[in-house]
Amino acid sequence: MPRKYISKKKKNLIFIRAKHRCEYCQCRSDTTLETFEIEHVFPVGKGGNDDIKNLALACRGCNSRKAIRIFVFDKVSKQNIPFFNPRKDSWKNHFKWSDNFLEIIGSTTTGKVTVDALQLNRVGVVNLRRLMILGKIHPPLDTI
């Protein structure tokens, strides 16, 4: 069945709600070379829908790594742990910044598996954060 088109109005609402940042790695859409995408938190392939409550803003790097997964196998607990859900979870409850604000550290099991699975500290993203710090636009104040 063909996918429904997400309207420009709905996309704009999602960008505004996310403050024009990837809801996972917190990169800004106006500072990155990566395309930003509307991500289905609960994937369509697993029964998710296009309701705004199921949509998040994600950079291509995070979205492609998450793909259609909703769980990550945690090697420590030997359990499937749900990904961070930007519609239900508070970013600050699951993540914190390293002392120099270059890396995201998972502060819960969900945060840790999300950091690892989405590679939230991949080289390009860390380099971008370094530049954003120089431009005094990082870290986002609502994440510290």
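Table: residues versus (1) part of a strand (DSSP E or B); (2) under 19 Å from residue 142 (Cβ atoms).
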{"site": "9", "(1), (2)": "no, no"}
{"site": "15", "(1), (2)": "no, yes"}
{"site": "37", "(1), (2)": "yes, no"}
{"site": "42", "(1), (2)": "no, no"}
Hits in the stretch 1-54 - residues which are under 15 Å from residue 118 (Cβ atoms) and charged (D, E, K, R): 21, 23, 34, 37, 39
The one condition residue 99 fails out of (1) over 15 Å from residue 22 (Cα atoms); (2) touching a Cys at 6+ places or on another chain (Cβ under 7 Å); (3) not basic (Lys, Arg) is (2)
I'm checking my understanding of the structure. Among residues of the stretch 26-63 that are of a type in the set (Gly, Ala, Ser) and under 21 Å from residue 94 (Cα atoms), which one is surrounded by the fewest Cβ atoms within 10 Å (Cβ to Cβ)? 61
If residue 107 satisfies all but one of (1) within 24 Å of residue 31 (Cβ to Cβ); (2) free of Cβ contacts under 8 Å to residues at least 40 places away in the same chain; (3) of a type in the set (Gly, Ala, Ser), what's the number of the condition it fails? (1)
Kindly evaluate residue 105 against the criterion of being over 16 Å from the mean Cα position of the chain (by Cα), surrounded by 14 or more Cβ atoms within 10 Å (Cβ to Cβ) and not charged (D, E, K, R). no
It is to be established whether one or more residues within the stretch 22-32 are without any contact (Cβ under 8 Å) to a residue 24 or more places away in the chain and part of a strand (DSSP E or B). no
Across the stretch 53-71, which residue is nearest to the chain's Cα centre (by Cα) among those that are modelled with pLDDT of 95 or more and of a type in the set (A, V, I, L, M)? 58
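The values are calculated or read from the model by the stated rules, or taken from the named source; none is laboratory data. It should be emphasised that the depicted structure is a prediction, and the values quoted were computed from it without experimental measurement. Don't worry about glycine lacking a Cβ; one is built from the backbone with ideal geometry, like all the others, and counts go over all protein chains shown.
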